[in-house]
Amino acid sequence: MGGSGKDSATEMSFALHSAARLLRRNFDRRARDHGLSDARWQVLWHLTREQGLKQTALAGRLEMAPISLARLLDKLQGEGLVERRPDPEDRRCFRIYPTDRAQPAMALLGDLAEETRSHALDGFTAAEIGQLQTLLGRLRKNLVGEEIECD
């Protein structure tokens, strides 16, 4: 890449990082207004998308130390929002499931995500949103490929 291409790629990287950070902060604020800390909503959000995650896999997705996640899960389990079930294939592991009591919070998270996306994409056309999704998908694919190569 030439000088101006490198500068624009650098600016794009900063803009992407900043937009992602602002998107998350915007969502965090909305969730906090409903009593959901970022750690709590992230656990429930991941369980909305994939129930029955192993506790170690969930810690990895959250980029959280396993002991910190264990403490958080203890609290969520004490509140009746999640349950740990033994992994039928590995007795040393537990899989995490949301309970029926967590359903209102999980539905709220979906609504807050939609509200956040709607605000972030205000003024974008459907074609622009599609193009953005395609480009970000390609970017993510490149980065996931590098993660796999480094493991």
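The values are calculated or read from the model by the stated rules, or taken from the named source; none is laboratory data. The model shown is predicted, which means the values in this text are computed figures rather than measured ones. As a convention, Cβ positions derive from the backbone with ideal geometry for all residues, glycine included, and neighbour counts pool all protein chains shown. The area values use the complete protein model at the heavy-atom level, side chains included, leaving out ligands, DNA and RNA. Shrake-Rupley method; radii C 1.70, N 1.55, O 1.52, S 1.80 Å.
Across the stretch 101-128, what is the number of residues that are more than 20 Å from the chain's Cα centre (by Cα), surrounded by 11 or more Cβ atoms within 10 Å (Cβ to Cβ) and in a loop (DSSP other than H, G, I, E, B)?
Initially, the stretch 101-128 is screened for residues more than 20 Å from the chain's Cα centre (by Cα), giving 101, 122-128.
Among the residues that remain, those that are also surrounded by 11 or more Cβ atoms within 10 Å (Cβ to Cβ) are: 101, 124, 128.
Right, trim to in a loop (DSSP other than H, G, I, E, B) and you get 124.
Total satisfying the criteria: 1.
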>> I want to confirm something. Restricting to the stretch 115-151 and keeping residues that are small (Gly, Ala, Ser) and more than 17 Å from ALA19 (Cβ to Cβ), which single residue is modelled with the lowest pLDDT?
In response: GLY145
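Collect the residues in the stretch 46-96 that are of a type in the set (Lys, Arg) and more than 17 Å from the chain's Cα centre (by Cα), keeping them in residue-number order. Don't jump to the end; show me each part of the working.
Of the residues in the stretch 46-96, the ones of a type in the set (Lys, Arg) are 49, 54, 61, 71, 75, 84-85, 91-92, 95.
Of everything in the stretch 46-96, those that are of a type in the set (Lys, Arg) and more than 17 Å from the chain's Cα centre (by Cα) turn out to be ARG71, LYS75, ARG84, ARG85, ARG91, ARG92, ARG95.
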> Does the stretch 85-100 contain any residue that is within 21 Å of ASP33 (Cβ to Cβ) and open to solvent by 80 Å² or more (accessible area, probe 1.4 Å)?
Replying inline: no
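Loosely packed, with under 12 Cβ neighbours inside 10 Å and within 16 Å of ALA107 (Cα to Cα), is that true of GLY78?
Values: loosely packed, with under 12 Cβ neighbours inside 10 Å: yes; within 16 Å of ALA107 (Cα to Cα): no.
Taking the combined requirement at face value, the residue does not satisfy it.
In the stretch 33-51, which residue that is touching a residue at least 24 places away in the same chain (Cβ under 8 Å) and surrounded by fewer than 14 Cβ atoms within 10 Å (Cβ to Cβ) is farthest from ASP100 (Cα to Cα)? Working first, answer last.
To start, the set of residues in the stretch 33-51 that are touching a residue at least 24 places away in the same chain (Cβ under 8 Å) comprises 34, 36, 39-41, 43-45, 47-48, 51.
Filter again for surrounded by fewer than 14 Cβ atoms within 10 Å (Cβ to Cβ), leaving 34, 51.
Values: HIS34: 18, GLN51: 12 Å.
Ranking the candidates gives HIS34 first.
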